[in-house]
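Worksheet for the structure shown next.
The values are calculated or read from the model by the stated rules, or taken from the named source; none is laboratory data. Computed from a predicted structure; not experimentally measured. Note that each Cβ is placed from the backbone with ideal geometry, even for glycine, and that neighbours are counted across all protein chains shown. Heavy atoms of the whole protein, side chains included, go into the accessibility calculation; ligands, DNA and RNA do not. Shrake-Rupley method; radii C 1.70, N 1.55, O 1.52, S 1.80 Å.
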Amino acid sequence: MPKLFWKIFLWFWGAMLIVNCAIIFSVLSIRSVSEQNRAQSMMSLEARKAAEIYESRSPKAFSDDLRDFGQTLDMHFSLYRPDGSDALGKPTDATTRLWISEAAQDEKTHFPRRYGPPLMLQATTGPSGAKYILSAEHASLPFAHFVRGGIGTQILRLLAVALAVALVCLALAHHIASPILHLQSVSRRIAAGDLSARVRAQLTSGRDEIADLSKDFNLMAEQIETLLHSQSQLLQAISHEMRSPLARLTLAAGLAKANSTPESYSLLERIETEAERIEQMLAQLLTLARLERGATSFPRTPVELSLLLSDIVSDASFEGSATKRSVILTNADSCLVDGSDALLRSAIENVIRNAVRYTRESSTVEVSLKLHNTGEQDLAVIHVTDQGPGVPSRELSQIFKPFYRVGCARERETGGTGLGLAITDRAVHLYHGSVAARNRTEGGLDVEIRLPVLPMLPHQLPATDGVLLTNALRQGQTTLT
């Protein structure tokens, strides 16, 4: 359960408990004062009557009258002398004697007992001038119901009040917190790339501040989606429109080369090279625009990743040999992933070619594919390590953004466009994977690609190339250079 919910619940619950307890104790206090005032008036009158009856009648008749009168009022009456002895000769304990001696000092009503059934003592003077003290116990006096029920009953009643208050506060906290938590959920979906996420209509239809916030949030999300969609369409349109002039430029340069002089031949070759670079950039822009639209633009089929990686390493090694760089495949566990063969090839190829571009001359780029179990699912983990200068630590998370280049001069010299790793990042995340880069302690960059693996049935395992490749790797013979 979210922390905000519990914060709201506990604050409301505590406040309502305090208010309820204050109301209960204030009511009981008012009742106590009122009933004490009534009790004092009653005790003064009843004490005089009891003294008169005691002096005018026999002890047995007096005892019967006290009993009958007590049953009528739900009370238990006793009459004492100032020395603490019972007027009817009943035994009296020491505590009662002490209370009686204190009550005999004046004719005020005393309430000596703090616990148990309330006790009232009232001193009076009989017709003969003798002094008496009337004692009365009444179960319905202030707090009597609580005391009569005992500590256990009091605790149960307090728990019942706390539970009732808790249920009300739970409903109130849920009513306040649920819209905020829903807004948080929608914002996270948008941050994850789901630009169609919106706040539900039940929240926007209200007339409070939460409804206004929900409407503004939906308006913001619509504007973001519109802007990004327009940007993607613009990139795609520009890329399409520029391809035709580029094709004509390349054709014209080729025709001009056929009739060129030695001085102009090198210039025409440079024009062709730059035109090819622009063509490559446009192709990457189109791919990136398609990736921004989601997975529906690319067909998804099971891809045998070890065979695909072997093919990419072979091509990269052939290209790297021209600059005295090599690429080797150190491990290739057989596994299937769900995705587009062409898109996965482009994503992995961009990383490997980037490593070949920056690894130092006469060095080796190492590529490996291993299965890793996280406990929840199997992952295919690809590592591409080079022996180049690496990337400043503060820029490691930036290299997967479009058009971001660590060193502009170096990128221009090596022919980079700043789009290859961005395509890799979008493609890998499209298939619920991840890509990250780190600097190696011994020098160079290590790029890690993680992709979820499909379960493989026995008949899906590669029977020829994959087995031969795995056996060769185990014997240390697979070095594609």
Output the peptides 225-232, 375-382 sorted from most to least packed, where packing is the average of other Cβ atoms within 10 Å over each peptide's residues.
375-382, 225-232
So how much slack lies between ARG188 and LEU163, counting 0.36 nm per residue of separation and subtracting their Cα-Cα distance, in nm?
5.5 nm
Can you list the trypsin sites (Lys or Arg not before Pro) in segment 310-387 that are in a DSSP coil and have 11 or fewer other beta carbons within 10 angstrom?
LYS324
What whole number of Å gives the distance from the Cα centroid of segment 354-405 to the Cα centroid of segment 34-99?
99
Along Cα→Cβ, 7 Å out, is where each label goes; now give me the distance between the ones at LEU286 and ARG440 in nm to one decimal.
3.6
For segment 317-431, the per residue accessible area (1.4 Å probe, Å²) is 45
What's the FRET efficiency of LYS401 with GLU225 using the Cβ-Cβ distance as r and R₀ = 25 Å, to the nearest 0.05?
0.80
Relative to the Cα centre, what is the charge dipole magnitude of segment 190-240, using +1 at the beta carbon of each Lys and Arg, -1 at the beta carbon of each Asp and Glu, and rounding to the nearest 20 debye?
140
Kindly rank 14-23, 127-136 from highest to lowest mean number of other beta carbons found within 10 Å of each residue.
127-136, 14-23
Given the C-alpha centroids of segment 158-233 and segment 306-340, what is the distance between them in whole angstrom?
47
Furthest towards positive pole of dipole, VAL199, ALA256, SER230, structure part segment 182-335, Cβ charges
VAL199
